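To start, the structure under review is shown below, and the notes come after it.
Laboratory data are not the source of any read-out in this text; all were calculated from the coordinates shown. Since the model is a prediction, treat every value here as computed from it, not as a measurement. Cβ: placed from backbone, ideal geometry, glycine included. Neighbour counts: every protein chain shown.
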């Protein structure tokens with residue numbers, strides 16, 4: 001016997017077609033409005049709001065995917081109109097500022113409602129926080145416009161540290177860690193392809209304004225997207241040991257061939273930057289990884305032997321190439337760095353505790369040495385550690401160094417307990433060490449901190465490695481906080 005429909009069911013049956021019709025009308029109206037705006041002189045406005053709106057929805061729907069997607073597309077933000085202009089006197093709402101603010105608000109809301117467990121700050125986070133706060137305090141003595149100084153500190157120092165905290169909170173398992181590694185590889189891959197294309201064709205995609213495009217007579221200066229070949233090479237090299245890790249741990253020949261092609265592409269991209277610190281960073285990342293990973297060393301040693309044979313046979317011809325010799329033996333940059341370092345040391349000697357103020361090196365430079373006012377470039381220390389010490393004082397620089405010291409000592413405990421069959425395994429930890437080490441080595445000869453994008457990627461890598469391990473040793477919500485794993489986490493101290 002057929003059951004009689006209730007009035008609720010009859011109403012629902014009538015309202016469903018009506019709801020579909022209203023949805024179709026609203027969608028059509030929105031499409032017409034969007035199309036009208038796109039063909040108008042103000043076509044950038046819908047592009048801005050659609051792009052930022054989609055990124056915001058992705059963050060709310062899946063914070064991990066939102067974080068990784070944002071960091072992959074971040075360099076394209078200013079070239080694709082992903083900036084909401086807020087008007088005079090109010091900082092513009094860029095893609096980076098919106099994404100980090102939304103992610104922080106989401107994580108804080110989850111912590112407040114008990115949906116996410118509070119993550120210990122750890123020694124790395126503690127000294128990182130002291131370093132970031134110290135740099136922020138140095139803006140009070142900056143000779144830059146106060147608003148400019150604070151915005152520069154927020155974008156260049158606070159945002160990367162927040163990325164570290166977000167990655168440590170959000171990326172807490174093996175799957176998310178591998179997704180983060182692939183995000184870094186995707187970024188490095190498109191930067192490599194852009195660098196190779198730009199060097200071969202001379203055509204610049206995503207050109208930042210007022211960038212010099214000539215190194216020497218025979219060598220172009222790759223500037224597409226990030227504006228500086230040193231920063232491009234630094235970003236690429238962060239992913240090089242990660243690709244090497246996936247290469248040696250791949251279970252199928254097809255995957256190994258794919259990762260081998262990607263590694264060769266990243267090598268070509270770093271080479272085409274024609275930046276000596278980039279070349280050195282590529283080698284350093286693999287040597288550090290090989291020193292701590294017997295599994296990778298089996299592949300690295302034959303590669304080094306082959307490279308040595310090639311250099312012995314064709315080294316003279318390679319060095320005779322003007323593009324190589326002009327960059328490899330250029331003395332001008334070395335002499336300039338010597339002068340810049342001596343000035344930085346003199347400034348630090350006069351202002352050891354509080355520094356000269358945020359970004360004040362260029363203003364104080366003429367008190368210690370001559371600077372040609374007709375040069376386009378501005379003086380800088382070309383050393384990340386001295387830049388921090390000169391700007392904010394020795395205590396802040398010590399906190400900056402200790403952040404990395406405790407990262408290595410903390411992960412050393414992981415390395416000692418790990419094997420090639422645990423998670424994280426020794427080869428993975430060695431790969432991360434190689435990536436971080438090449439960034440630190442590059443900081444000895446360049447202002448790596450000024451490169452916002454590679455610094456953001458570095459903090460993502462550090463945060464997601466600590467977060468993924470933490471997800472194994474801290475029990476999920478609802479389980480008691482006890483056991484050997486929790487004790488191991490506390491002893492790690494990172």
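General observations
- Taking every C-alpha pair closer than 8 Å and separated by at least 6 residues, the mean separation divided by the residue count of the chain gives a relative contact order of 21 percent.
- Coordinate range along principal axes, alpha carbons of the stretch 218-269, Å, largest first: 40, 20, 15
- Spin-label model, residue 146/residue 409: points 7 Å from Cα along the beta carbon direction are separated by 3.9 nm.
- Gyration tensor (alpha-carbon) shape descriptor, the stretch 223-320, a/c threshold 1.5: oblate
- The fewest-to-most ranking of 146, 117 by surrounding Cβ atoms within 10 Å reads 146, 117.
- Estimated FRET transfer efficiency when R0 is 56 angstrom, pair residue 394-residue 325 (beta carbons, to 0.05): 0.90
- Inter-part distance, the stretch 96-117 to the stretch 163-208, computed on C-alpha centroids, equals 23 Å.
- Dividing the helix sum by the residues of the chain, where each DSSP H run of 4 or more adds -39500 (n - 2.57), gives a mean residue ellipticity at 222 nm of -23500 deg cm²/dmol.
- Angle in degrees between helix 63-73 and the longest Cα principal axis of the chain, rounded to the nearest 10: 50 degrees
- For the stretch 346-377 and the stretch 413-447, distance of Cα centres in Å: 35 Å
- Under the simplified labelling scheme, the residue 314-residue 126 pair shows an inter-label distance of 5.4 nm, with each label point 7 Å from Cα along Cα→Cβ.
- Reported to the nearest whole Å, the Cα centre-to-centre distance from the stretch 257-323 to the stretch 57-81 is 32.
- Helix 452-473 and the longest principal axis of the Cα set of the chain meet at an angle near 60°.
- Packing-based order for 417-430, 272-285, 166-179, 228-241, using average beta carbon neighbours within 10 Å, highest first: 228-241, 272-285, 166-179, 417-430
- Per residue, the convex hull spanned by the alpha carbons of the stretch 33-116 comes to 114 Å³.
- Averaged over residues, the count of other Cβ atoms within 10 Å places the peptides 432-442, 354-364 in the sequence 432-442, 354-364, highest first.
- Computed FRET value (nearest 0.05) for residue 109 with residue 49, which takes r as the C-beta separation and R₀ as 25 Å: 0.60
- Against the set [x] 4, 20, 31, 27, 14, 4, 0; [y] 4, 16, 21, 19, 14, 11, 7, 5, 3, 1, 0; [z] 4, 16, 26, 26, 16, 7, 3, 1, 1, 0, the structure's computed P(r) over Cα pairs in 10 Å bins from 0, in percent falls on [z].
- Residue 253/residue 417 FRET efficiency (R0 22 Å; Cβ-Cβ; nearest 0.05): 0.10
- Descending by average beta-carbon neighbour count within 10 Å, the peptides 214-225, 251-262 line up as 214-225, 251-262, the highest first.
- Each of 155, 96, 321 has some number of other Cβ atoms within 10 Å of its Cβ, and from fewest to most they run 321, 155, 96.
- Helix 7-38 axis, angle to the chain major axis (alpha carbon atoms, nearest 10°): 40 degrees
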